[in-house]
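Quick notes on the structure that follows.
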Amino acid sequence: MTELTSEQSILTEKPSDPTQRIVLVVCGLLILGMIAVFAWKMYDGALVLVIDGPAPDFTLPLFEGSDITLSDLEGQVVVVNFWASWCIPCRDEAPFLEQAWRKYRDQDVVFLGVDYLDTDKEAQAFLAEFGVSYPNGPDIGTKIAKQYRLTGVPETFFIAKDGRLGDMEIGPLTEERLVQAIEKLLAE
């Protein structure tokens with residue numbers, strides 16, 4: 001067997017004093033507790049945003065050159081979809097988001113596409129590829145994503161006519177889920 005150096009033996013020695021063991025266990029538990037509290041606060045904060053209160057207001061600079069402000073759309077159901085050209089599930093959603101927009105736009109439903117962490121060139125190519133005609137613009141500085149506590153793309157927020165958050169979908173939507181959320185808010 002090889003002999004341990006003095007540094008290695010210090011690292012492998014167990015504390016012989018019971019007080020040292022108790023201190024180590026208590027410190028470990030405190031660290032784990034702080035991590036758990038931090039994780040819960042992050043999770044709890046996201047839930048509050050989803051189920052309670054008004055949707056955070058924002059102004060989206062559109063690719064076409066004008067701006068649109070969420071609070072100006074009060075009285076209509078608003079579907080806010082966060083997407084990116086590099087997002088594979090966003091490519092799957094794009095055709096039925098456009099179809100739903102065309103179906104509901106005359107029924108007081110507005111779709112807003114918020115392009116996340118993308119370049120204008122790739123974003124515009126994406127919109128052209130899928131024939132997207134509803135208002136879209138870049139989230140400059142990720143300000144809107146931060147307000148909505150975005151966890152990734154795609155994510156979709158459904159805003160009721162009174163301006164409150166009515167529903168949300170983290171991850172890819174299905175066509176059925178999109179229609180169900182819109183119909184629910186239209187019926188209110």
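The values are calculated or read from the model by the stated rules, or taken from the named source; none is laboratory data. Nothing here was measured: the structure is a model prediction, and the numbers come from that model. All Cβ positions, even for glycine, are placed from backbone atoms using ideal geometry, and neighbour counts span all protein chains on display. Accessible surface areas use protein heavy atoms only, side chains included; no ligands, DNA or RNA. Shrake-Rupley method; radii C 1.70, N 1.55, O 1.52, S 1.80 Å.
Any chance you could count how many residues in segment 145-164 are open to solvent by 10 Å² or more (accessible area, probe 1.4 Å) and under 17 Å from the mean Cα position of the chain (by Cα)?
8
Return only the number of the condition from (1) open to solvent by 10 Å² or more (accessible area, probe 1.4 Å); (2) not in a strand (DSSP E or B) that V110 does not satisfy.
Evaluating V110 over (1) open to solvent by 10 Å² or more (accessible area, probe 1.4 Å); (2) not in a strand (DSSP E or B) leaves (2) as the failure.
Is at least one residue of segment 172-182 at pLDDT 95 or above, touching a Pro at 6+ places or on another chain (Cβ under 8 Å) and open to solvent by 70 Å² or more (accessible area, probe 1.4 Å)?
yes
Taking the stated definitions as given, is A100 surrounded by fewer than 17 Cβ atoms within 10 Å (Cβ to Cβ) and part of a helix (DSSP H, G or I)?
Against the criterion (surrounded by fewer than 17 Cβ atoms within 10 Å (Cβ to Cβ) and part of a helix (DSSP H, G or I)), A100 does not qualify.
Would you please name the residue that is farthest from N81 (Cα to Cα), looking only at residues in segment 113-144 that are open to solvent by 80 Å² or more (accessible area, probe 1.4 Å) and not aliphatic (A, V, I, L, M)?
Restricting to residues being open to solvent by 80 Å² or more (accessible area, probe 1.4 Å) and not aliphatic (A, V, I, L, M), the top hit is K121.
Between a first residue in segment 101-130 that is closer than 18 Å to P154 by Cα and a second residue that is of a type in the set (D, E) and open to solvent by less than 30 Å² (accessible area, probe 1.4 Å), which pairs have beta carbons less than 7 Å apart while being 6 or more apart in sequence or on different chains?
V114/D139; D115/D139; Y116/D139; A123/D115; F130/E98
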